[in-house]
Every structure is written in C-alpha cells, then in structure tokens.
Amino acid sequence: MSDSTVELEQGLLAVAKTAALAGGAELTARWRAPISFHTKSTPTDPVSAADLASEQRIRGILARERPDDAILGEEGGHTDGAGSGSGLRWIIDPLDGTVNYLYGLPMFAVSVAVEDDLGLLAALVLEPATGEMFTATRSGRTLFLPANGGEPQPLNGSGCTELALALVATGFSYNPRMRAVQARTVGGVIPRARDIRRIGAAALDLCWVAAGRLDCFYEGRINLWDIAAGNLICERAGIVVRKLPEVYDAEGELLSNGGVIAAPPALVDELYALATARPEA
C-alpha cells in the first residue's frame with residue numbers, strides 16, 4: 001500500500017472523527033430531555049429533532065472540509081459534491097438507535113463512512129453516551145479508542161468456533177410484516193446459539209462483534225447508512241461480512257432489499273443458513 005493511499009485514508013478518518021464528534025455533541029446536548037419527533041415509514045419509525053441537528057452538523061463539516069465529495073445521509077438523502085466531484089461519497093447515520101435515544105437508553109451511535117468506486121475507504125462509529133469510538137481504514141486495522149483518551153487498541157473480533165457457544169445479536173424491521181418473518185427466523189436461531197441480544201443500533205452491533213463483545217450479528221432488512229461504517233470495522237477485525245438476500249412474502253411482495261450478517265469465519269456459513277431459512281408461518 002502506497003504512502004499516499006495511507007495518507008488519504010488517515011486524512012479522511014480525521015474528517016470523519018471531527019464530523020462524528022460534532023454530531024455526537026448535538027445528540028448528548030438533547031439526550032434525556034423533552035424533544036420533538038415525527039414518524040417516517042411506520043408509526044414506530046421515528047425521526048427526532050436530534051437526528052436532524054446531528055446530520056446538519058455533520059453535513060456542514062463535510063461540506064467545509066470535503067466540498068467535492070458526495071454525501072448520502074439517512075435524513076437528507078443524497079447530495080452531489082461541488083464542481084465535477086471527487087469520486088468519493090460519505091455515508092452517514094447521524095443517530096443510529098433513535099428509539100433507544102428517545103427512551104433515554106445509552107445504546108445509540110453516530111456512524112460515518114466514506115467510499116470510492118472500489119468500496120469503503122475509512123469508517124468511524126462513535127458511541128456518544130460513553131465516548132467510545134471504533135475506526136477502520138481499507139489498508140489498516142480496526143482500532144478501538146477508549147473514552148478516557150488512552151492508546152488505541154487493535155481489535156481482532158471473536159474467535160468463537162461453535163454456534164452453540166455464540167452470543168448472537170439481531171435486529172428487527174419497523175414493517176410489521178417483515179417483523180413476522182424475522183420472528184420466525186430468530187425462532188430457528190435461538191435453539192442453536194448460546195443466546196440472543198437485541199441492542200437496537202446496528203452500527204453498535206457490528207462494532208461490538210468486531211470487539212468480541214458479541215460473537216455474531218445478522219439482520220434481514222437494513223439500510224446502507226446503518227451498516228456502512230460497521231461493515232468495514234468488522235472486516236478489518238477479521239470478521240466475515242455477507243449480504244443477506246431479498247425477502248418476499250407469500251404473495252410475492254418485496255419486504256426487504258437485503259440484510260447483513262457478520263460472524264467469525266467458523267460460524268458464518270451455519271448462521272447464514274439459519275438467517276436465510278424461511279420457515280412457514
């Protein structure tokens with residue numbers, strides 16, 4: 001890997017850190033205080049004033065530091081860079097775990113990643129409630145940055161080799177029909193795993209798999225901004241990341257454009273088979 005590539009990745013990671021910290025500051029300033037929100041896809045799919053304020057701060061920093069780059073954000077959609085563009089695109093989730101956040105639970109995150117035509121270049125996930133941070137670059141390792149400002153620690157992911165001993169995390173859609181499919185799927189996983197966890201923020205699920213706090217994660221319906229940063233963080237920690245296929249109901253209606261699975265090499269095939277099984281209702 002050339003010095004110029006490493007320098008570019010580290011420069012992008014520095015911008016991601018500045019942006020994520022700014023977005024996180026907007027979240028912590030409003031956390032556990034009365035806050036306005038409305039719903040999106042379903043009555044249980046909220047977006048709050050905190051989501052919007054965080055994304056606005058992140059976009060402002062990216063526009064200042066990287067004006068030629070495109071941006072894809074959960075709340076603001078896709079925007080092109082200035083001029084002819086740089087060929088880079090930032091993928092941001094200003095508040096992953098909105099329901100947790102609105103309930104005062106500490107499991108929420110800011111997720112920032114940047115990609116080129118070959119894939120992800122740099123990624124960062126910040127957990128504002130604790131100050132913990134996870135980072136990765138295409139040519140480097142996944143690092144954990146402690147909240148106390150200590151030295152970054154390289155992560156290698158879980159070494160679990162038996163699904164029966166694995167702590168498996170999952171998530172559920174806001175769509176009730178997709179949730180019914182997911183409920184049947186998790187019913188097939190529970191007897192085969194040590195236990196199941198539902199954290200409520202996919203970015204943290206993936207980072208915690210990279211850190212070995214969880215052994216595996218899968219979710220059958222998910223958005224790119226939820227997992228972009230976490231995918232690279234897992235991959236650079238030695239975790240296998242695979243896309244899950246589309247899901248259709250009995251009438252042929254599309255319920256999901258696809259999901260994700262992240263697991264140690266020894267577990268990924270078995271968990272993938274369970275996650276893609278479609279038990280009858």
* Asked: For the subset of the stretch 61-78 comprising residues that are in contact with a helix residue (DSSP H, G or I) (Cβ under 8 Å, 6 or more places away or on another chain) and without any contact (Cβ under 8 Å) to a residue 40 or more places away in the chain, which member is nearest to Lys17 (Cα to Cα)?
  -> Ile71
* **the stretch 177-195 residues that are within 14 Å of Tyr218 (Cβ to Cβ), paired with ones that are aromatic (Phe, Trp, Tyr) (beta carbon under 6 Å, 6 or more apart)** => Gln182/Phe172
* To do: Residues that are in the same structural domain as Thr130 (by TED's automatic domain parsing), closer than 29 Å to Val6 by Cα and touching a Pro at 6+ places or on another chain (Cβ under 7 Å): find the strands (runs of 3 or more DSSP E) completely inside the stretch 72-120 holding 1 or more of those.
  => 109-116
* To do: Determine whether Leu118 is more than 28 Å from Pro146 (Cβ to Cβ), of a type in the set (A, V, I, L, M, F, W, C) and more than 15 Å from the chain's Cα centre (by Cα).
  => yes
* To do: Kindly provide the set of residues from the stretch 237-281 that are part of a loop (DSSP other than H, G, I, E, B), touching a helix residue (DSSP H, G or I) at 6+ places or on another chain (Cβ under 8 Å) and at pLDDT 95 or above, ordered by number.
  => Ala237, Ile239, Leu267
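The values are calculated or read from the model by the stated rules, or taken from the named source; none is laboratory data. This one's a predicted model, so the numbers in the text were calculated from it and none came from an experiment. Neighbour counts are summed over all protein chains in view; Cβ atoms, including those assigned to glycine, are modelled from backbone coordinates with ideal geometry.
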